[in-house]
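Comments concern the structure below.
The values are calculated or read from the model by the stated rules, or taken from the named source; none is laboratory data. Computed from a predicted structure; not experimentally measured. Cβ placement follows ideal geometry from the backbone for every residue including glycine, while neighbour counts extend to all protein chains displayed. Side chains included, ligands, DNA and RNA excluded: accessible areas come from the protein's heavy atoms. Shrake-Rupley method; radii C 1.70, N 1.55, O 1.52, S 1.80 Å.
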Amino acid sequence: MNAVLDIELIRTFHAVARSGRFKAAAEQLHRSPAAISVHIQRLETVAGGRLFDRDNQSVALTALGKRLLRSTGELLSTHDRVLAELHGPRLVGRIRLGVPDEYAAHVIRDILPIFAAAWPNVVLEVQTAPSYTLREQVRAGKLHGAVLTLPLGQREGAQVLVATTPVWVAAASHPKNWGETLPLAIHAADCPYRSLMLESLKAAGYTWRVVLDSPSSQAIKACVEAGLAITLMDRAKMSSAMRIVEELPQAAEHEVLFLRSAQAQHDEALELLAQAIRQHFRL
């Protein structure tokens, strides 16, 4: 009998690859961690080898896993798009979505068009703001849902999209001798990375000066690449013109989450948008 790729096994595989944890994938898919393990084992049998290297903290894709991830992304999207096309016209509504600036381009360019094509009668309204601001707006019902970044342990019922440990970065050409005062490019007020930067440097006894204070991730990136300042950002957001600054305090782990307002917990359109974001979100 020929092997068959079960779409639910592929969905589970993508959730684990995206989140880096079996437990986080279980929460996203509303399954038990044991069920997630069984799905991966079944898929590994079909694939003919291990898909993940695992330890107590996280998982990493093997070479086979990376190949399967690349080759099944379009398969999963096509499957969901076909189902959506069968039911899309019947769904109507309006969704107010919040996204932090650093993830806005990815969400707007790579995820929302897929959702809009599948559900053409759902109106999308998008707002960008720092994560703590977005959290308060969701709590107040001003937004139906939001992508946001929070320190580990502040999830409050939100669904995990991916875990991230930010790193200190400088221009690749920047000398390692900072002098007595660190030049900083800092994020907007109400961004958790801003608080993390300043609190960790203060606790370690560093002094600093602010070169750039901006809500724009692109402005911060440009400032760092120009060699004017250092900052804290997701490792995946680093460019080839940057290097990690190992000597500064190690940053605490954070999570990128999807949070829904209390009023929209059972909104069908928002659930479908959340599914699209969970499936396609990448750092």
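Does Thr62 satisfy being surrounded by fewer than 19 Cβ atoms within 10 Å (Cβ to Cβ), modelled with pLDDT of 90 or more and either under 30 Å from Lys237 (Cβ atoms) or within 21 Å of the chain's Cα centre (by Cα) (or both)?
yes
Looking at (1) polar (S, T, N, Q); (2) at pLDDT below 90; (3) closer than 23 Å to Ala15 by Cβ, which one does Ser173 not meet, given that it meets all the others?
It is condition (3) that Ser173 fails.
Given Tyr206, Tyr193, which one is of a type in the set (Phe, Trp, Tyr), open to solvent by less than 50 Å² (accessible area, probe 1.4 Å) and in contact with a strand residue (DSSP E or B) (Cβ under 7 Å, 6 or more places away or on another chain)?
Selected residue: Tyr193, the only one of Tyr206, Tyr193 that is of a type in the set (Phe, Trp, Tyr), open to solvent by less than 50 Å² (accessible area, probe 1.4 Å) and in contact with a strand residue (DSSP E or B) (Cβ under 7 Å, 6 or more places away or on another chain).
Just to be sure before I move on: is Gly153 over 23 Å from Ile111 (Cβ atoms) and small (Gly, Ala, Ser) in the structure I sent? Before you say what the answer is, go through the steps one by one.
Details: over 23 Å from Ile111 (Cβ atoms): yes; small (Gly, Ala, Ser): yes.
Answer is yes for this residue.
Is it fair to say Gly153 is touching a residue at least 40 places away in the same chain (Cβ under 8 Å) and open to solvent by 10 Å² or more (accessible area, probe 1.4 Å)?
Spelling it out, it is not the case that Gly153 is touching a residue at least 40 places away in the same chain (Cβ under 8 Å) and open to solvent by 10 Å² or more (accessible area, probe 1.4 Å).
Filter region 113-141 down to the residues that are among the aliphatic types (A, V, I, L, M) and buried (at least 19 other Cβ atoms within 10 Å of the Cβ), then identify the one that is farthest from Arg278 (Cα to Cα).
Ala129
Give me the pairs, please: first residue somewhere in region 201-215 and free of Cβ contacts under 8 Å to residues at least 40 places away in the same chain, second residue anywhere and loosely packed, with under 12 Cβ neighbours inside 10 Å, beta-carbon distance under 7 Å, and either six or more positions apart or on two chains.
Close Cβ pairs (under 7 Å, with a partner that is loosely packed, with under 12 Cβ neighbours inside 10 Å) amount to Thr207/Glu180; Thr207/Thr181; Trp208/Thr181; Arg209/Thr181.
Please tell me if Ser200 is more than 17 Å from the chain's Cα centre (by Cα), of a type in the set (S, T, N, Q) and farther than 30 Å from Trp119 by Cα.
yes
With the checklist (1) open to solvent by 70 Å² or more (accessible area, probe 1.4 Å); (2) modelled with pLDDT of 80 or more in hand, flag the one item Pro89 doesn't pass.
(2)
Taking region 229-248 as the region of interest, how many residues are surrounded by 15 or more Cβ atoms within 10 Å (Cβ to Cβ) and without any contact (Cβ under 8 Å) to a residue 60 or more places away in the chain?
Result for region 229-248: 1.
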